[in-house]
Amino acid sequence: TPPYLSGVITEQHGWQCAVFPGNCQVYPAPGITSLLAVIGNATNDPVHAGSQALVFSGPGSSGNAYRYFTGFETATDITMEVWIRALGGATIGNVFVPLENSAGTRAAAFRIGPNYSIDYGLVSAAWVPSGKVANPGEWHHIKMHLNYTTKTYDFFVDSEQINVSPIPFYTATANRLDRVHLFKGSGQIGLIMDDLNIYAA
């Protein structure tokens with residue numbers, strides 16, 4: 001199989017939503033503007049690029065969403081980039097974005113955690129604060145560079161590399177990238193995601 005390049009997913013096709021699927025919707029910019037106004041968020045910049053974005057929301061209920069990719073079965077050096085905007089207006093629990101194989105084994109992950117802290121996932125299911133905070137009125141650029149040979153990854157927020165040394169994979173047995181997974185607890189209102197891009201070196 002030749003190397004796979006997703007291209008920037010500006011129109012967000014291909015998401016599969018499970019558990020309260022209404023919490024996972026692709027909205028055009030005017031619809032996101034209306035949603036932001038309802039929950040009391042700033043209505044500027046409803047999408048990062050293009051005309052629509054994925055909204056992962058639903059205060060008071062949990063949710064799961066998946067975006068599968070093919071062509072990375074043998075890739076060992078993979079980069080994921082995405083733009084996210086936190087949705088405010090609810091008690092902050094957690095909203096997680098792990099990179100997994102099809103069985104759900106995580107290699108790398110980040111989350112918007114308590115007090116909007118942007119954290120990265122560490123082996124043994126620990127979460128490490130990046131020192132960066134997600135502002136619900138702003139888009140943040142997240143980048144993760146995964147090495148499936150060394151079982152480590154690097155984590156970047158807004159073009160700044162957060163880790164000093166390579167981060168061990170969340171799960172040491174992670175063997176390949178098949179999907180991006182979004183999930184959240186019942187107390188978290190969620191996030192907007194745009195311009196997801198995954199590519200192999």
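The values are calculated or read from the model by the stated rules, or taken from the named source; none is laboratory data. All values derive from a computational prediction rather than experimental measurement. Cβ placement follows ideal geometry from the backbone for every residue including glycine, while neighbour counts extend to all protein chains displayed. Note: areas computed on protein heavy atoms with side chains; ligands, DNA, RNA excluded. Shrake-Rupley method; radii C 1.70, N 1.55, O 1.52, S 1.80 Å.
Observations on the structure shown:
- Inter-residue pairs, beta-carbon under 7 Å, first farther than 13 Å from Gln16 by Cβ and in segment 43-72, second surrounded by fewer than 18 Cβ atoms within 10 Å (Cβ to Cβ) and acidic (Asp, Glu), 6+ apart: Gly50/Glu11; Gln52/Glu11
- Failed criterion for Gly113 (all others in (1) in contact with an Asp or Glu (Cβ under 6 Å, 6 or more places away or on another chain); (2) open to solvent by less than 30 Å² (accessible area, probe 1.4 Å); (3) touching a residue at least 40 places away in the same chain (Cβ under 8 Å) hold): (3)
- When Thr33 is tested against the conditions (1) surrounded by 14 or more Cβ atoms within 10 Å (Cβ to Cβ); (2) of a type in the set (Val, Ile, Thr); (3) in contact (Cβ under 8 Å) with a residue 60 or more places away in the chain, the lone failure is (3).
- Condition check for Ser165: of a type outside the set (D, E, K, R), surrounded by fewer than 19 Cβ atoms within 10 Å (Cβ to Cβ) and on the phi > 0 side of the Ramachandran plot: no
- Test: residue in segment 128-141 that is closer than 20 Å to Val47 by Cβ, without any contact (Cβ under 8 Å) to a residue 40 or more places away in the chain and outside any strand (DSSP E or B): no
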